[in-house]
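See structure below.
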Ligand code: FES
Ligand SMILES: [Fe+2]
């Protein structure tokens with residue numbers, strides 16, 4: 001289904017027709033991350049989530065199951081819940097327009113002047129009940145697909161499931177969550193978080209403590225990249241001194257940098273050993289492999305989600321098409337998750353949508369005094385460019401991207417999207433044909 005002449009086309013980033021095809025064949029046929037399970041603890045808890053043109057309701061029903069409904073009244077199409085995205089509570093779903101009422105199980109329960117309607121239609125749940133979509137729960141998140149034919153979530157996750165479960169993500173809680181609205185296609189933003197080739201240019205300060213030359217592994221329809229931290233890049237001029245960032249890395253593992261006997265080349269191993277020796281922390285050190293104790297393992301879940309996993313926290317980056325349908329606008333969700341010690345109250349973060357560029361990223365994403373350079377500097381640098389890339393790619397002078405092997409996750413991703421759009425493969429076909437590259441540690 002793939003061929004060597006595959007090219008990423010610039011018009012895929014702005015064509016309304018392409019966006020429609022993506023909606024039908026990609027967004028509607030794949031699994032996506034919805035709310036945290038903690039948002040839906042009690043019967044009647046709801047969570048409203050905008051997904052492209054759709055508004056989706058997640059609810060805990062009377063059988064204590066999480067269910068998903070399109071936020072659409074079957075009478076004349078009004079939205080049932082009119083609130084902003086986020087948590088809520090209902091005893092039933094009552095439409096504000098003409099008063100139709102639905103139970104938590106989605107069934108139509110009351111209709112004013114019901115005798116003036118065709119009784120058979122009202123009694124037929126498939127015609128009058130709320131339209132449901134499939135959900136599953138995994139890693140502390142509720143996942144959803146709008147597609148009836150999408151394989152179950154375990155099949156879909158494939159080689160990622162065991163790898164991600166090492167991080168015990170179910171135990172981490174959201175400590176901050178912001179949505180950025182950008183004037184670019186969702187893939188423009190997605191691509192910029194899909195390679196590390198740009199680290200040596202855009203994120204030069206990372207070279208003092210991190211390796212920009214990041215190994216990449218394609219894992220069926222998903223993929224992974226490892227950003228090694230705790231050692232200067234070979235592009236960095238000083239390979240010996242314990243610079244400020246390396247000192248912070250040591251201190252983070254409980255090692256006093258002033259007493260550290262080694263050089264810069266020894267920091268990563270020392271940090272690994274120190275974390276390996278720790279027991280009883282809230283962090284999943286016991287189940288992580290050596291690389292995972294120091295490095296960021298950056299996973300792509302096809303088609304539009306990144307988990308950037310550090311041993312002490314992770315960031316979920318979720319990309320969504322814009323509700324307007326405009327292919328040159330998008331939502332970028334940045335969700336910071338941290339395992340909290342017993343008895344620590346989860347912070348009351350306030351989710352909001354921020355126009356990209358309107359506020360400095362480093363000041364938007366905070367958790368108390370907590371600051372991490374990847375969040376504070378790196379993210380700001382990345383998101384500062386996406387709208388410029390969007391503009392450049394629209395120029396008549398720009399014929400096509402020229403991709404290196406370090407950017408092969410980008411072609412892997414676009415190729416699968418193109419296979420789905422052009423009907424060369426279904427999601428199930430991709431799962432059964434895309435290879436799983438082997439790595440030594442299976443991490
Ligand atoms: S549109 Fe909902 S009751 Fe009429
Ligand atoms: Fe970046």
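The values are calculated or read from the model by the stated rules, or taken from the named source; none is laboratory data. These figures come from a predicted structure and were not determined experimentally. Virtual Cβ from ideal backbone geometry, glycine too; neighbours counted across all protein chains shown.
What residue, of 83, 96, is outside the structural domain of residue 179 (by TED's automatic domain parsing), surrounded by fewer than 17 Cβ atoms within 10 Å (Cβ to Cβ) and over 29 Å from the mean Cα position of the chain (by Cα)?
96 is the lone residue from the list that is outside the structural domain of residue 179 (by TED's automatic domain parsing), surrounded by fewer than 17 Cβ atoms within 10 Å (Cβ to Cβ) and over 29 Å from the mean Cα position of the chain (by Cα).
In the stretch 64-87, is there at least one residue being under 15 Å from residue 127 (Cα atoms), within 15 Å of ligand 1 (Cβ to nearest atom) and touching a helix residue (DSSP H, G or I) at 6+ places or on another chain (Cβ under 8 Å)?
Yes: one or more hits.
Taking the conditions exactly as written (assigned by TED's automatic domain parsing to the domain that holds residue 331, under 14 Å from the mean Cα position of the chain (by Cα) and either within 30 Å of residue 242 (Cβ to Cβ) or away from ligand 1 (no atom under 16 Å from the Cβ) (or both)), does residue 218 satisfy them or not?
In short, no.
For the condition closer than 30 Å to residue 109 by Cβ and in contact with a strand residue (DSSP E or B) (Cβ under 8 Å, 6 or more places away or on another chain), what is the one hit in 223, 233, 128, 196?
128
Mind counting the residues in the stretch 204-227 that are surrounded by fewer than 19 Cβ atoms within 10 Å (Cβ to Cβ) and within 15 Å of ligand 2 (Cβ to nearest atom)?
Number of matching residues: 4.
So which helices (runs of 4 or more DSSP H) are wholly in the stretch 294-403 and hold at least 1 residues that are modelled with pLDDT of 95 or more and over 20 Å from the mean Cα position of the chain (by Cα)?
386-394
Is it the case that the stretch 134-157 has a residue that's within 26 Å of residue 28 (Cα to Cα) and within 16 Å of ligand 1 (Cβ to nearest atom)?
For the stretch 134-157, residues within 26 Å of residue 28 (Cα to Cα) and within 16 Å of ligand 1 (Cβ to nearest atom): absent.
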